[in-house]
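What follows is a short report on a single structure.
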Amino acid sequence: MSSPLDIAKLRGFAIPQARDDYDPRDVILYALGVGAGLCEDIDETGFLFERRLQALPTMALVLGTPGFWPMDPQSGLDWINILHGEQRLKIHVPLDPHGALIGDTVVTDIADKGPGKPAMLRAAKRVTTPGGTLVAEATETWFIRGAGGFGGPRDLPGDALPGVPDRAPDYEITLPTTRAQAAIYRLSGDRNPLHIDPATARGTGLDRPILHGLSTMGLVGRALIHACAASDASRLREIALRFTAPVYPGDTIRTHIWQEGEALHFRSDAVERDMRVIDNGVAVIAP
């Protein structure tokens, strides 16, 4: 059974600043890790060929990140019990296919659902150029199983993500994943063994390793770009969503999209298992 979250240790832990010097090879590797090039009906050469390369905006989620930092014992976190609940990303400047970016990450909010129940943690990352230009902001929310009981507010501040409209979707796009996708995605920086090691997965109650939530988010970002932005990656400026169930490498992901002006609402299902895996999605496409 997990112990209550050690607030003092967590608050005293300085999440390392991270700098990434990246080039087209890294951009292509990231695109492969979110499933680019797997769909026969969609031309994604622009994400995979250096001569006219576009960097997917969701790559800002892995740039400037010091790996899966909760695995550091000094963080005070029981990393094996962390579940990714929500993720938000705002792009201020479209990513170049090469460059240098610096990420600064801090824990902003913590909530306690009670003894034996989850703790909730929100962390925010600012991604800037070495000269200080703000490129992107990312916010993630985690549930830490069994870590409640330390005292403090029951809920995190801020507005909940909206539901999708009560009408038929305007677009539907289906994209495959591959059984090797988690193994590829982890080369972009997230080395959490939950996504590669069967023994670790079984230790958390899963029958096999699951796909990174942020790989699924990158796949859904591709779906939005193709369906609503004429495959121009630079037009996706904001994306936020709630993770509702694990995706397994090899799943096919169907995304339903509702468009309301520049705003998009969406949710996604794992087709073979008839399982909702993403909900309460909202995004902004630039004109």
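Going through segment 236-275 one residue at a time, which ones are over 15 Å from Gly221 (Cβ atoms) and touching a Cys at 6+ places or on another chain (Cβ under 7 Å)?
Passing the criteria: only Gln259.
Does segment 208-224 contain any residue that is farther than 24 Å from Gly46 by Cα and not aliphatic (A, V, I, L, M)?
Within segment 208-224, one or more residues are farther than 24 Å from Gly46 by Cα and not aliphatic (A, V, I, L, M).
Which residues, taken from segment 28-68, are among the aliphatic types (A, V, I, L, M) and either assigned to a loop (DSSP other than H, G, I, E, B) or under 13 Å from Leu101 (Cα atoms) (or both)?
Correct list: Val34, Ala36, Leu38, Ile42, Leu53, Ala55, Leu56, Met59, Ala60, Leu61, Val62, Leu63.
Going through Ala199, Ala286, Ala230 one at a time, which residue ends up being more than 27 Å from Glu137 (Cβ to Cβ) and aliphatic (A, V, I, L, M)?
Of Ala199, Ala286, Ala230, the one residue that is more than 27 Å from Glu137 (Cβ to Cβ) and aliphatic (A, V, I, L, M) is Ala199.
Exactly one of (1) more than 13 Å from the chain's Cα centre (by Cα); (2) surrounded by 18 or more Cβ atoms within 10 Å (Cβ to Cβ); (3) on the phi > 0 side of the Ramachandran plot is unmet by Ser231. Its number?
Failed condition: (2).
Output yes when any residue across segment 67-87 is in contact with a strand residue (DSSP E or B) (Cβ under 6 Å, 6 or more places away or on another chain), among the acidic types (Asp, Glu), in contact (Cβ under 8 Å) with a residue 12 or more places away in the chain and loosely packed, with under 15 Cβ neighbours inside 10 Å, and no when none is.
Within segment 67-87, none of the residues are in contact with a strand residue (DSSP E or B) (Cβ under 6 Å, 6 or more places away or on another chain), among the acidic types (Asp, Glu), in contact (Cβ under 8 Å) with a residue 12 or more places away in the chain and loosely packed, with under 15 Cβ neighbours inside 10 Å.
State whether one or more residues within segment 194-212 are more than 16 Å from the chain's Cα centre (by Cα), among the β-branched types (Val, Ile, Thr) and at pLDDT below 95.
Within segment 194-212 (the criterion being more than 16 Å from the chain's Cα centre (by Cα), among the β-branched types (Val, Ile, Thr) and at pLDDT below 95), the answer is yes, since at least one residue qualifies.
Identify all residues within segment 170-227 that are over 18 Å from Asp279 (Cβ atoms), small (Gly, Ala, Ser), in contact with a helix residue (DSSP H, G or I) (Cβ under 7 Å, 6 or more places away or on another chain) and touching a residue at least 12 places away in the same chain (Cβ under 8 Å); write none if there are none.
Within segment 170-227, Ala182, Ser188, Gly203 qualify.
Of everything in segment 106-144, what is more than 25 Å from Ile239 (Cα to Cα), touching a residue at least 60 places away in the same chain (Cβ under 8 Å) and crowded, with 18+ Cβ neighbours inside 10 Å? Give them in sequence order.
Scanning segment 106-144 gives a single hit, Asp112.
Please verify whether Asp26 is among the charged types (D, E, K, R) and either surrounded by fewer than 17 Cβ atoms within 10 Å (Cβ to Cβ) or on the phi > 0 side of the Ramachandran plot (or both), treating the condition exactly as stated.
Spelling it out, it is not the case that Asp26 is among the charged types (D, E, K, R) and either surrounded by fewer than 17 Cβ atoms within 10 Å (Cβ to Cβ) or on the phi > 0 side of the Ramachandran plot (or both).
With respect to Ile15, is the statement that it is in contact (Cβ under 8 Å) with a residue 60 or more places away in the chain, over 27 Å from Leu175 (Cα atoms) and in a helix (DSSP H, G or I) true?
No: the conditions fail for Ile15.
Could you tell me which numbered condition Glu50 fails, if it satisfies all but one of (1) among the acidic types (Asp, Glu); (2) over 22 Å from the mean Cα position of the chain (by Cα); (3) under 20 Å from Asn192 (Cα atoms)?
Going through the list (1) among the acidic types (Asp, Glu); (2) over 22 Å from the mean Cα position of the chain (by Cα); (3) under 20 Å from Asn192 (Cα atoms), Glu50 breaks only (3).
The values are calculated or read from the model by the stated rules, or taken from the named source; none is laboratory data. Since this is a predicted model, take the numbers as computed values, not measurements. Neighbour counts are summed over all protein chains in view; Cβ atoms, including those assigned to glycine, are modelled from backbone coordinates with ideal geometry.
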